[in-house]
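Some notes on the structure that comes next.
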Amino acid sequence: MLRPGRDKGFATPIPLGLAGLATSTFLMGVAMIFSPASMEPYLTQAIMFGGLAEILAGMWAFAYGDPMAATSFTFLGSFFGWWALAQTPLFGAHTAAAANGMALVFIVSGVVTLYLWIASFYESAAFNLVLLFLWICMGLAGIAMFAGSTVLAVLGGISGVISGLIGAYASFADVYNATSLQEVVPIGESKTVRERVEQDEHERIRRLHATDGETHRMSA
């Protein structure tokens, strides 16, 4: 089995990004279903796990050479960080205009997540499903804020919970497969996708080793 992190000298950021995304999305969904008026218990978690850890995973993915993960994790980490800060007394504003603005941010962010989902058809099925239910969650949450609809908020929360559960499974699968050096836990990669991923990884490793060799020649 190809060992992307060990072969390249550093570990894949995908499990961390999925773990941060899974926990924050799951808890946001729970909050939307059961306690939409009391988000405070989830804010610190969203800042640290959904925001900071997610952005770090995104930056790590840029260096790792995975544009899909890099864009998704960094964008969604920024979204969760904003969502948490926007509800604190220091940054938040609890007026009707501010509520409409927050709803619009949810909808626009859902649209961005929608096109990330479309691009993720070249990724694993698990990653694709995480983004599918997440953009549905964001869209329904934003519309629910505009319309004042409890039903839409609950439906959005259910989508968020589903996205979080799939993300947790995908994170576990990536970690377990990486440590066992074989695909024990399936994540829904087709043969074509798997071959493309392995070709990309081999090409990245080749470029990394070529750069190291050039550096050694220059230093000598």
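The values are calculated or read from the model by the stated rules, or taken from the named source; none is laboratory data. Small disclaimer: the values here were computed from a predicted structure and weren't measured. Note: ideal-geometry Cβ built from the backbone for every residue, glycine included; neighbour counts use all protein chains shown.
At a glance:
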{"read-out": "Filtered residues of the stretch 138-148 (kept if over 13 Å from residue 102 (Cβ atoms) and touching a Leu at 6+ places or on another chain (Cβ under 9 Å))", "value": "139, 140"}
{"read-out": "Filtered residue count, the stretch 111-137, keeping only those that are closer than 16 Å to residue 29 by Cα and more than 13 Å from the chain's Cα centre (by Cα)", "value": "2"}
{"read-out": "Some residue of the stretch 144-156 being small (Gly, Ala, Ser), modelled with pLDDT of 85 or more and either within 22 Å of residue 19 (Cα to Cα) or in contact with a strand residue (DSSP E or B) (Cβ under 6 Å, 6 or more places away or on another chain) (or both)", "value": "yes"}
{"read-out": "Condition check for residue 161: at pLDDT 95 or above, under 24 Å from the mean Cα position of the chain (by Cα) and aliphatic (A, V, I, L, M)", "value": "yes"}
